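Take a look at the structure set out below.
The values are calculated or read from the model by the stated rules, or taken from the named source; none is laboratory data. Given the structure is predicted, the values throughout are model-derived calculations rather than measurements. Positions of Cβ are backbone-derived with ideal geometry, glycine not excepted, and every protein chain shown enters the neighbour counts. Side chains are part of the model used for accessible areas, which takes the heavy atoms of the whole protein and leaves out ligands, DNA and RNA. Shrake-Rupley method; radii C 1.70, N 1.55, O 1.52, S 1.80 Å.
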Amino acid sequence: MKNKQPDRRAVPSPNPWHQFASDEVLKRLDSDSRHGLAEQEAERRLQRFGPNLLMPKRGKPVWLLFLSQFHQPLVYILLAAAAVTASLQEWVDSGVIFGVVLVNAVIGFIQEANALKAIEALSRSLSISATVLRDGSRRVIPATELVPGDIVFLLSGDKVPADLRLLRVKELQIDESALTGESVPVEKRTEALAVETPLADRNDMAYSSTLVTYGSGIGLVVETGDRTEIGRINQMIATATELETPLTQKISHFSKLLMWVILGFAAITFLVGWLRGESALEMFMASVALAVGAIPEGLPAALTITLAIGVSRMARRNAIIRKLPAVETLGSTTVICSDKTGTLTQNQMTVLAIYAGGAQFEVTGSGYVPEGEFRQHGQTIDPRRHEALMECLRAGLLCNDARLVGDAEGWRIEGDPTEGALLVSAHKADLYHAEVAEAHPRLDAIPFESQYQFMATLHHNRALDARHVYVKGSVESILRRCDAAFDACMNRIPLDTAAIHAQVEELAARGLRVLAFARGDRPTDDDSVDHHEIREGLVFLGLQGMIDPPRPEALRAVAACQAAGIRVKMITGDHPGTARAIARELGLVRPGRLHRLFGIAPAARVLTGAELQTLDDEAYRNLVEACDIYARVAPEQKLELVRALQAQGQVVAMTGDGVNDAPALRQADIGVAMGKAGTEVAKEAAAMVLTDDNFATLEAAVEEGRGVFDNLVKFITWTLPTNVGEGLVIIAAVFAGVALPILPVQILWINMSTAVLLGLMLAFEPKEPGIMRRHPRDPGQPILTRHLVFRVGLVGIMLLAGAFGLFEWELSHGESLIAARTVAVNVFVFGGLFYLFNCRSLRYSMFHVGVFSNLWVLFGVSSMAALQVLFTYWPPMNRLFHSGPIGHDEWLLILSVGLAIHAAVGLEKWIGRRWLSAR
């Protein structure tokens, strides 16, 4: 029998208040719309339901959260190394290793505190006041004191203080983009809705933390605190799993494997030596030397420092990393799930097309910047030469209550975004509000009401001494009031509704929101306008089609991500038609071979949240992989989409800026929030914040992430042969029954000094050419590929041969044990030094990346060489590390081994490149 899968459908509210009529809701909550709650009853309910706050969930105690950072295999190995070095009374080395462990623990502790920070940010978003009705009178109270049953008054500019069932509305519009992703303010009503109505379509509800942009209303508090919709998002943030990054997963797996290999070889070494008659103490020290040699002590420090360098580089490119492993995760990303509104688009409605006088015009420019051109048939035109066009623009300018404001921070709209778009389109034709309003002062107005679907304003045309009423609204409401139209020269002609509807369909197919405009003439002594006066007899002026346009830089960023093999998926709460149009502009609709061959536009498959609810498990998995456009998606569905992609082995980056994005931002392998337009909740839940709100910054961040991963692989490829060689030397000595060529304290010197002065220099290696033309790394691919494992083994065996061979050579020629060991130590150091130049590029020679492109390598090599001279000849270091002076001949042999290693790896790279090119 098939196992039951988790239910992916939108989780219904405990009480679907939107399905109940106003009277029924008042009855259920025992409230009175005329008098509100009594103060005493409100206090009792406050005791029962608690304050209107999002309460943080109790997690691990701080001390346990900190100690849990040490519960990792790699940390066990490091702690063992620290204990061994302490037992050898090498306090400096022991302190360095334990210091690395401590730093890593602190970083992990800070990362795990991010969930609590996100919830605290949600709580701060509720710190507002509310106007309520209590004991029959209005009063202003802190929003934290609201209780279910309170009657709340809403005005334009207010933040909704709790989840409300609306009782009365007057042209009420609410911006719910931060909660649902809807790019246009939602017009509210009071009629009850079906229980299955999606969150974004519940027009009889006002939700906590959304913003009133227009009109007024009265609502009944139905949920507070954690029981609100934003509170449910809070719960999802608290429960969303923060996954390990691909690198930390691979390091963890590598560490577990390494731990058992080290313990196994140490035990075998001890047992073989003891069975051969060696003393148990000597074999124990040999086993310790093997363990210390095989542990890559510099790996955690290199990992942390390389990631920190990546953080610094990204900060210079406007990407702030809040969680260190996110640097590497970006380089491994295979899918980017992006919110549409405010992330891929500008969150600024823009008029793109106008139909007036029987002709269609295109308008360039985007956002609220009043700059752009008018074009007809692809040619730039002067709008002032087209009377019908100018009158349609003038209608949008005058029948308008918004304001266009420019300041040092740029252009912004005060009022409804749709009306703002009309202002901007008029300004592009040099119709400025102040001048036009002066020439056409407003005398009266009929505000927009949902049941009529239009707005009308009466104006005095001073130049003609005439009265004109301008009307804007839905196409249907305007056309039924018109009996004629204006042609291009403003002459009255019969109304061609079929042609107008054809234009509307064409604009709607482009994802544009279409408004219609009309004009009526009034007697010169008429200073007022009423509904019955404009019921008929209007003259049709035209249409204006608008959309929230894509960011220009987002177009380039999406293309760059696709070229790098990264799938970009758009997940939005907006309408399917709008999502489809934006996706086409962004290039998310990918043509197949037949589409390109025959020049056919590919169909854009859009999955809605409602469709996702109906899919079975197999269909869901298949469509999530295949579809790149999702519309009308609820917050919990965004979370499930991210989880579904992760279950298929994808490394998922989620971008967003709204409250509704926070759970998915935290669940994703890396969450990316917008710094300017992003809510505090999104920033706190994300691993990275783009300070310029520029989607294109993601391309730079991905590039840096790939460079960081490259450098980490280079370090691991460089450091492991030394550990392998040291382990093999110890095993060879025990099996041969000879003295150890290198002592534990000398192994620590090799590992720590070379890691700091040689290996870490690879962290500064610049990005290699063509890094963004590669496909993402397979998430299942190990850190080291087969050919890199072969290279590690090759160099490790050459170090074994060089160190053990020269050690025995020195002893056979009468040199002291101290001198022979000094030669062996220098073989490891200078072998690693020459091999470092090979590791500057894993595929090409150092001449391909530039000999002087990383001066830190030259600094490290010079410093390491100087230190080895001190190690060999300075008496204090001779006493400390049991080393001694050696002659010139020995140095020639040591350098010969280093050159041989460099030449062998260079040859192996050349053969590898030839083999790849021949495939």
(request) Give me the accessible area of ARG442, 1.4 Å probe, in Å² rounded to the nearest 10. (result) 100
(request) Run down the aspartates and glutamates and flag those whose C-alpha is under 13 Å from the C-alpha of LYS714, throwing out any fewer than 8 positions away in its chain. (result) GLU765, GLU768
(request) Note down the accessible area of HIS501, probe 1.4 Å, to the nearest 10 Å². (result) 70
(request) May I ask you to order 520-530, 636-646 by the average number of other C-beta atoms within 10 Å around their residues, highest value first? (result) 636-646, 520-530
(request) Decide, for the range 637-752, between rounded, prolate and oblate: order the square roots of the alpha carbon gyration tensor eigenvalues as a ≥ b ≥ c, take rounded if a/c falls under 1.5, and otherwise choose prolate if a/b is larger than b/c, else oblate. (result) prolate
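Cα-based Rg of the range 457-603 per 2.2 N^0.38 Å, rounded to two decimals?
1.48
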(message) I need the Debye-formula profile for the range 719-785: one equal scatterer per C-alpha, no solvent, reported as log10 I(q)/I(0) at q = 0.21 1/Å, two decimals.
(response) -0.96
(request) Order these peptides, 577-587, 619-629, 478-488, by their mean beta-carbon neighbour count within 10 angstrom, highest first. (result) 577-587, 478-488, 619-629
(request) Write down the radius of gyration of the range 759-907 and its Dmax, each obtained from C-alpha positions, in Å. (result) 17.8, 58
(request) Can you tell me the equivalent ellipsoid semi-axes for the range 861-908? Use √(5λ) from the Cα gyration tensor, largest first, whole Å. (result) 26, 12, 8
(message) So for the range 770-884, averaging the separation of alpha carbon pairs under 8 Å that are six or more residues apart and normalising by length, what relative contact order in percent results?
(response) 20
(message) Given the whole protein assembly as supplied and a 1.4 Å probe, what does the accessible area of HIS787 come to in Å², nearest 10?
(response) 90
(request) Calculate, in nm to one decimal, what GLU908 and ASP526 gain on full extension: separation in residues at 0.36 nm each, minus their alpha carbon distance. (result) 128.2 nm
(message) Across the range 164-211, what fraction of all alpha-carbon pairs, as a whole percent, falls in each successive 5 Å bin from zero upward?
(response) 5, 23, 35, 25, 12, 0
(request) Quick one: which residues, 5+ away or cross-chain, put their amide H under 5 Å from the amide H of ALA466? H built at 1.01 Å from N. (result) ASN461
(message) Beyond 19 Å, how much of the Cα-Cα pair distribution for the range 464-542 remains, as a whole percent?
(response) 39
(request) Would you mind checking the pairs LYS159/LYS569; LYS159/LYS188; LYS170/LYS428 and listing those with alpha carbons more than 21 angstrom apart? (result) LYS159/LYS569; LYS170/LYS428
(request) Could you tell me what percent of the accessible area of the range 664-776 is made up of carbon and sulfur, with a 1.4 Å probe and every protein chain present? (result) 59
(request) Answer with one residue from TRP915, ALA904, MET846: the one whose Cα lies farthest towards the positive end of the charge dipole of the range 830-918, charges on Cβ with Lys, Arg +1 and Asp, Glu -1. (result) TRP915
